[in-house]
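J.: Here it is, the structure in full.
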Amino acid sequence: MTQTFNAAVSVVGIDIGKNSFHIVGHDERGAIVVRQKWSRGQMEERFATMPRCLVGMEACVAHHLSRKLNSLGHDARLMPAKYVRPYSKGQKNDFRDAEAIAKFVATKTADQLDLQALHRVRERLVSQRTGVINQAFLLERGIAVRQGQRFLRAELPRILATPPDVLSPRMVRIIEDLLACDWRRLDERVERLSDEIEAIARQDAGCERLMSVPGIGPIISSAMVAAIGAGDVFSHAR
């Protein structure tokens with residue numbers, strides 16, 4: 001393993017200590033090419049002479065260092081420790097923490113970023129649709145419907161025909177507006193994104209392999225591929 005930084009290093013993970021920093025560098029394939037321990041005084045000097053790379057650190061005490069590295073031309077990123085921990089393997093130590101951080105920020109391809117963006121937009125729209133459904137105000141009128149949008153959708157014709165002493169005409173109009181203007185519009189947008197994600201998944205070899213597992217469909221498989229690619233930055237499946 002080389003112990004000098006060179007153009008092969010594309011991602012660096014840093015585990016920050018009080019007086020020392022543990023550094024792990026990965027190449028473009030995700031292989032570890034550097035594993036070093038630096039003093040606090042060495043950080044700026046060494047990063048100043050390094051080729052531009054992606055640098056990951058836990059957010060707790062790294063804001064000053066992040067600004068300094070960005071000023072040197074690097075792409076420094078901070079992340080909460082709770083998101084880094086799942087990438088760590090084996091018994092906790094500083095080098096393993098640095099390696100987990102580097103894996104967390106490993107560069108995604110443009111296709112992965114596009115797919116991840118589709119998933120995030122779809123997730124936001126699904127959340128908005130759930131909010132619309134929850135705002136139907138039915139429980140306040142003593143009308144209970146089994147949980148789940150398909151059950152509410154099936155029951156709506158009956159609910160909207162409820163006598164005025166149970167559901168006022170104003171309330172009927174409010175629910176009809178929510179259904180026509182919000183729920184259906186969000187349904188259409190979610191369906192378009194779901195169709196696009198499914199089409200991508202059907203053409204991706206990694207997604208196809210994941211979908212061979214019972215219970216995993218286009219949405220789950222494509223979300224995994226968007227997040228970790230082929231998984232080759234991990235040394236074992238666990």
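J.: Can you report the number of residues in the range 50-69 which are open to solvent by 60 Å² or more (accessible area, probe 1.4 Å) and modelled with pLDDT under 85?
T.: Going through the range 50-69, the residues open to solvent by 60 Å² or more (accessible area, probe 1.4 Å) turn out to be 52, 60-61, 63-64, 67-68.
So of that shortlist, the ones also modelled with pLDDT under 85 come out as 60-61, 63-64, 67.
Of the residues in the range 50-69, 5 are open to solvent by 60 Å² or more (accessible area, probe 1.4 Å) and modelled with pLDDT under 85.
J.: If ALA7 satisfies every condition in (1) modelled with pLDDT of 85 or more; (2) over 30 Å from GLN203 (Cα atoms); (3) surrounded by fewer than 18 Cβ atoms within 10 Å (Cβ to Cβ) but one, which is the exception?
T.: (1)
J.: Further, regarding this structure: Need pairs with beta-carbon distance below 7 Å; first residue over 19 Å from ASN134 (Cβ atoms) and within the range 144-172, second outside any loop (DSSP other than H, G, I, E, B) and open to solvent by 70 Å² or more (accessible area, probe 1.4 Å); sequence gap 6+ or separate chains.
T.: VAL166/ARG141
J.: A follow-up question, please. Where in the range 121-225 are there helices (runs of 4 or more DSSP H), lying wholly inside it, with at least 1 residues that are of a type in the set (Val, Ile, Thr), open to solvent by 40 Å² or more (accessible area, probe 1.4 Å) and within 26 Å of ASP111 (Cβ to Cβ)?
T.: Those helices (runs of 4 or more DSSP H) span 184-203.
J.: So, LEU115, is that one under 30 Å from ILE219 (Cα atoms), at pLDDT 85 or above, surrounded by 17 or more Cβ atoms within 10 Å (Cβ to Cβ) and not basic (Lys, Arg) or not? Steps first, please.
T.: Working: under 30 Å from ILE219 (Cα atoms): yes; at pLDDT 85 or above: yes; surrounded by 17 or more Cβ atoms within 10 Å (Cβ to Cβ): yes; not basic (Lys, Arg): yes.
Taking the combined requirement at face value, the residue satisfies it.
J.: Can you tell me which residue within the range 70-105, out of those that are basic (Lys, Arg) and assigned to a helix (DSSP H, G or I), is modelled with the highest pLDDT? So that I can check it myself, show each step before the final result.
T.: The initial filter retains those residues of the range 70-105 that are basic (Lys, Arg), namely 77, 82, 85, 89, 92, 96, 103.
Within this subset, residues satisfying the condition of being assigned to a helix (DSSP H, G or I) are 82, 85, 96, 103.
Working: LYS82: 62, ARG85: 60, ARG96: 73, LYS103: 64.
Ranking the qualifying residues of the range 70-105, first place goes to ARG96.
J.: Among the residues of the range 17-51 satisfying the criterion of being closer than 17 Å to HIS64 by Cα and small (Gly, Ala, Ser), which is nearest to the chain's Cα centre (by Cα)?
T.: GLY17
J.: Across the range 29-48, what is the total count of residues that are outside any strand (DSSP E or B) and either among the charged types (D, E, K, R) or at pLDDT below 85 (or both)? Walk me through it before giving the result.
T.: First, the residues of the range 29-48 that are outside any strand (DSSP E or B): 29-31, 40-48.
With the extra rule that they be either among the charged types (D, E, K, R) or at pLDDT below 85 (or both), the set shrinks to 29-31, 40-41, 43-46.
The total comes to 9.
J.: Could you list, ordered by first residue, the pairs with Cβ atoms under 9 Å in which the first is in the range 200-219 and more than 17 Å from GLN116 (Cα to Cα) and the second is part of a loop (DSSP other than H, G, I, E, B) and not aliphatic (A, V, I, L, M), at least 6 apart or interchain?
T.: Between residues of the range 200-219 that are more than 17 Å from GLN116 (Cα to Cα) and residues that are part of a loop (DSSP other than H, G, I, E, B) and not aliphatic (A, V, I, L, M), the close pairs are MET211/GLY217.
The values are calculated or read from the model by the stated rules, or taken from the named source; none is laboratory data. All figures in this text were calculated on a predicted structure; none of them were measured in a lab. With ideal geometry, Cβ positions are generated from the backbone for all residues, glycine too; neighbour counts draw on all protein chains shown. The protein model used for the area step is the full one, side chains on, heavy atoms only, and it has no ligands, DNA or RNA in it. Shrake-Rupley method; radii C 1.70, N 1.55, O 1.52, S 1.80 Å.
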